[in-house]
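Q: A single structure is presented below for examination.
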Amino acid sequence: MFNVILIMLITFSLWGTSVNAVEVQNHTKAKAALTPSSDFSFVILQYHHVSSDTPRVTSVSPEEFEAHMAYLAKNHHVVSLESALYSIKNRTALANKSVVITFDDGYKNILENGHPILRKYGFEYTIFINPDQIGVINTQLTWKDVEKMSNEGVTFANHTLEHIHLLDRKSQESKSKWLTRIKENITEAENQLTHQLGYSKKWLAYPFGEFNVSLRNMLADMGYTAFGQHSGAVGQYSDLLSLPRFPAAGRYSSLDTLRTKMNSLAMPVTKVSPLKYLIGLEQTLGSVHVDILLDDINLGTVACYFKGSSLPILKTNTGFSFDIEGAFYAGRARVNCTAPSIKQSDRFYWYSIPFFTPKEDGTFLD
């Protein structure tokens, strides 16, 4: 029934530590007694280019983008990122099947090709930009463009100063010096955005989707909400420092598969053990245990995929587990787990765990 599930692995990078569920689900304790509800579940779409002349892997054509927006206008409620985040933080209900639209990188073709379409449908959206590239690289927006779009309802947020690999360390750089350098980069980017825009959202989209536990915890201390590039819907149990977004470009741009993702629900995961984002080169992970609330999920229907293959699922008293036995190699990867909703037979829950593995020299692939 849910033959649309595609798990495509994009190869990424990583050096890392594990984190327990209390650290990752930073607001789960306060909400542990809640019953998951589609009233607090929404999907975030991630775009880059709206163009037929840019790299296909990060692009949708204007025609494809128009088709996406027409489908959303007919079948969903497009809401601002601000209102969606307010909903899960304050338990205010969203419209059913709410979707948020985001872009990474401030490409000029967003203004030229995407913005008119979004204005046509009256959709609010957010662009995560790199201030040091705005008005400097000719394919990027200018600050005048940013001002114009801001006046027309577009929200801008932090994507670091110049789109760096946040997990890369310089030669002989200690962990503390690395964190200080990254903190300064993010803070300076936020300061420039505040100066140019007059507001500070403290939203960060991780470049390349890469983060580790130390970075995540630092951002929590700084008061940020952060967004990855792994798949899944967002809900009241989602970690506010690693919110998932569905890529909607390139091989993910087909409405045949994208509409299934747009209709997905946030899987009510209360604990993952061990949760380890960063896996060393040629290391293995072993058994992963996932605890979920079961009021709308039948454990017999849970399916998890890794590197294009289905993982055997073992039921536990509090959820399910699976084993990842193969070694990790340089790049990005993820496990995607899905389960159909019992109450809404045309929708399914989706949860994704991203992994990042570095090259031999400790740096990360683009």
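Bear in mind these aren't lab numbers, they're just calculated from the coordinates by the rules spelled out. None of the values given here were measured: they were computed from a predicted structure. Here the Cβ positions follow ideal geometry from the backbone for every residue, glycine too, while neighbour counts run over all protein chains shown.
Q: Using the basic label-point model (7 angstrom from Cα toward the beta carbon), what is the L281 to Y121 distance in nanometres?
A: My value for the distance between the label points is 4.3 nm.
Q: Let me ask something additional. Determine the sum of side-chain charges near G250: Lys and Arg each +1, Asp and Glu each -1, restricted to other residues whose C-beta is under 12 angstrom from that of G250.
A: Its environment carries a net charge of +1.
Q: For the stretch 23-266, what relative contact order do you get, as a whole percent, if you take Cα pairs closer than 8 Å and at least 6 residues apart? Can you show the working numbers first?
A: On the way: 438 pairs, mean separation 61.5, N = 244.
Relative contact order of the stretch 23-266: 25 percent.
Q: Label-point separation (nm) for T363 and K177, each offset 7 Å from Cα along Cα-to-Cβ?
A: 1.8 nm
Q: Would you compute, for the Cα atoms of the stretch 108-150, the largest minus smallest coordinate along each principal axis and list the three values in descending order, in whole Å?
A: Its Cα atoms span 31, 15, 15 Å along the three principal axes.
Q: Could you tell me which label, among (1) 20.7; (2) 21.7; (3) 24.8, carries the value of Kirkwood radius over Cα pairs in Å calculated for this structure?
A: Working out Kirkwood radius over Cα pairs in Å from the coordinates points to (1).
Q: Here's something else I'd like to know. Pull up the cross-link candidates among the lysines for K359, meaning alpha carbon to alpha carbon under 16 Å and not fewer than 8 places away within one chain.
A: In chain and number order, the partners are K170.
Q: For the stretch 159-203, what are the per-bin percents of Cα-Cα distances with bins 10 Å wide, up to the bin holding the maximum?
A: 27, 47, 21, 5
Q: Per residue, what volume in Å³ does the convex hull of the Cα atoms of the stretch 235-320 enclose?
A: 148 Å³
Q: Take every DSSP beta bridge whose two residues both sit in the chain, then give the antiparallel share in percent to the nearest 5.
A: Of the beta bridges lying entirely in the chain, close to 55 percent run antiparallel.
Q: Right, next: Cα-Cα over 23 Å: which of K74/K261; K177/K307; K201/K261?
A: Over 23 Å apart, Cα to Cα: K177/K307; K201/K261.
Q: Using the alpha carbon gyration tensor of the stretch 159-301, what are the three equivalent-ellipsoid semi-axes (square root of 5 times each eigenvalue), largest first, in whole Å?
A: 29, 21, 16
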